[in-house]
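Following: one structure in structure tokens, then a few remarks.
The values are calculated or read from the model by the stated rules, or taken from the named source; none is laboratory data. Owing to the predicted nature of the structure, the values given are computational and were not obtained by experimental measurement. In this analysis, Cβ positions are derived from the backbone assuming ideal geometry, glycine residues included, and neighbour counts consider all displayed protein chains. For accessibility, only protein heavy atoms count, side chains too; no ligands or nucleic acids. Shrake-Rupley method; radii C 1.70, N 1.55, O 1.52, S 1.80 Å.
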Amino acid sequence: METALDLGRLLLHYQPVVGIDNGPVGMEALIRMDHPERGLLSPAAFASDLDAPRLARRIGCFVLDTALTQTQTWHRQGLALRIAVNISACHLMDQHFLSDLQAALAAHPDLPPSSIEIEVTETAPLLDFDKAGETLLACNRMGVLIALDDFGTGNSSLTYLQKLPAQTIKIDQSFVRDILNDSRDIAIVTGVIKTAHMLGIEVVAEGVKTQRHAELLRKMGCTFLQGYWIARPMPAAQIPGWIAGFQPTLSGAFR
Ligand code: C2E
Ligand code: MG
Ligand code: MG
């Protein structure tokens, strides 16, 4: 990973997030490594590096800078997309995190902070909730939005919801996958959607695989969707073309 950082072999792909009624609203930046022998690697191949104390901050800064530069380019092209960036627990809890975020914002002055969303995953436990909550509140004060990623997979989902300021919950794909035939998952997902909406929090369903999933999620009141049925993660250059082709092909399909 250190070599990849030094040699510029890390890159980002982007996966669309769509609003059921208004089409593409944003992109999630997803890291990839261009390995000289093994080709393009997904995070599963280097997951432990992402949250390693020696690397997390360097990776986080690379991702913030690359994603904001790309999003600023899209904004200049008239594509006012929101960008969601995954930040490791290790970088979030680093004393430099807020100044790193501030520096990334300052380097992209044309980008409204409200078009940036920091995704905090539940799979890596935040040991100090109070400190994490303060840091995330400071992000909100800068105008940056917070999303709780992989919601439901950690040991303390309700504590996350109670203690951390968040504008979005992303329901983990492990709950979304089986909603068509598992009444427990229907109950859980419905409950999360209702709870979030009572708190004024937006909900994104992750891992939407088929049109039937999308239709059921719509009935359940989930307004934002992400998943392979909508689009797989893709290089930035493909996004404008994908957006141009989206409306005629898919918007009717949600109804
Ligand atoms: P995540 O943040 O929950 O991202 C969603 C993952 O689910 C992505 O995998 C995406 O490709 C995959 N996915 C989306 N829709 C579907 C679907 O319909 N079916 C299936 N089976 N999968 C779907 P990816 O890109 O391999 O990333 C895996 C995880 O690695 C991410 O999960 C995130 O936790 C982490 N990650 C990715 N990029 C970064 C990064 O820049 N920084 C950090 N710290 N972590 C990252
Ligand atoms: Mg994510
Ligand atoms: Mg997730």
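Per DSSP H run of at least 4 residues, take -39500 (n - 2.57); add these up for the chain, divide by its residues and hand me the 222 nm value, nearest 500 deg cm²/dmol. Could you put the intermediate results ahead of the total?
Values: 11 runs with 107 residues, N = 255.
Roughly -12000 deg cm²/dmol at 222 nm, from the helical runs in the chain.
In what order, largest first, do S174, S114, S183 sit by accessible area if the probe radius is 1.4 Å?
S183, S114, S174
When the accessible area of the chain is split by element with a 1.4 Å probe, what percent falls to carbon and sulfur?
On the way: 6250 of 11850 Å².
Within the chain, the accessible surface is 53 percent carbon and sulfur.
If amide hydrogens are placed 1.01 Å from N in the peptide plane, which non-local residues have theirs closer than 5 Å to the one on V203?
When sequence neighbours closer than 5 places are left aside, the close amide H contacts are I169, T223, F224.
Quick check: with the 1.4 Å probe, what order do T73, T123, T168 take by accessible area, largest first?
Most to least solvent-accessible, the answer reads T123, T73, T168.
Could the peptides 12-23, 131-142 be put in order, highest first, of the mean number of other beta-carbon atoms found within 10 Å of their residues?
Most protected by this proxy first, the peptides run 12-23, 131-142.
Considering only the chain, what is the antiparallel percent among its DSSP beta bridges, to the nearest 5? Each step should come with its number before you reach the end.
Values: 17 of 40 bridges.
Looking only at bridges with both residues in the chain, the antiparallel portion is about 45 percent.
Leaving ligands, DNA and RNA out of it, rank C222, C61 by accessible area with a 1.4 Å probe, largest first.
Values: C222 0, C61 45 Å².
Descending accessible area places them as C61, C222.
Inverting the mean 1/r over all pairs of different Cα atoms, compute the Kirkwood radius of segment 2-245 and quote it in Å.
18.4 Å
Once the Cβ-Cβ distance between S114 and R9 is put in as r, and R0 is 30 Å, what FRET efficiency do you end up with, to the nearest 0.05?
0.40
Assuming R0 = 25 Å, what is the FRET efficiency of L79 and M142, from their Cβ-Cβ distance, to the nearest 0.05? Could you put the intermediate results ahead of the total?
On the way: r = 23 Å, r/R0 = 0.91.
For L79 and M142, the calculated efficiency is 0.65.
Quick one: if you stick a label point 7 Å off each Cα along the C-beta vector at H35 and F129, how many nm between them?
If labels sit at H35 and F129, their model points lie 3.8 nm apart.
How much accessible surface does H35 have with a 1.4 Å probe, in Å² rounded to 10?
Roughly 40 Å² of H35 is accessible to a 1.4 Å probe.
Please list, in order along segment 205-219, the HN-Hα scalar couplings obtained from phi with the Karplus expression 6.51 cos²θ - 1.76 cosθ + 1.60 (θ = phi - 60°), rounded to whole Hz, x for Gly and Pro.
8, 8, x, 6, 9, 9, 4, 5, 4, 4, 5, 5, 4, 4, 4
Taking the Cα centroid of segment 37-79 and of segment 106-161, what is the distance between the two, rounded to the nearest whole Å?
Computed from Cα coordinates, the inter-centre distance equals 17 Å.
If you take every residue apart from S115 with its C-beta less than 15 Å away from the C-beta of S115, what net charge results, scoring Lys and Arg +1 and Asp and Glu -1?
-3
Solvent-accessible area of L50, probe 1.4 Å, all protein chains present, reported in Å² to the nearest ten, please.
40 Å²
Heavy atoms of the protein only, probe of 1.4 Å, neighbouring chains included. What is the accessible area of K194 in Å², nearest 10?
Only protein atoms counted, so the area is about 130 Å².
Can you list residues from other chains, or at least 5 along the same chain, whose modelled amide H is less than 5 Å from the amide H of E28?
Q15, V17, A84
So, for the chain, what is the accessible surface per residue at a probe of 1.4 Å, expressed in square angstrom?
Working: 11850 Å² over 255 residues.
With all protein chains present, the chain gives 46 Å² per residue.
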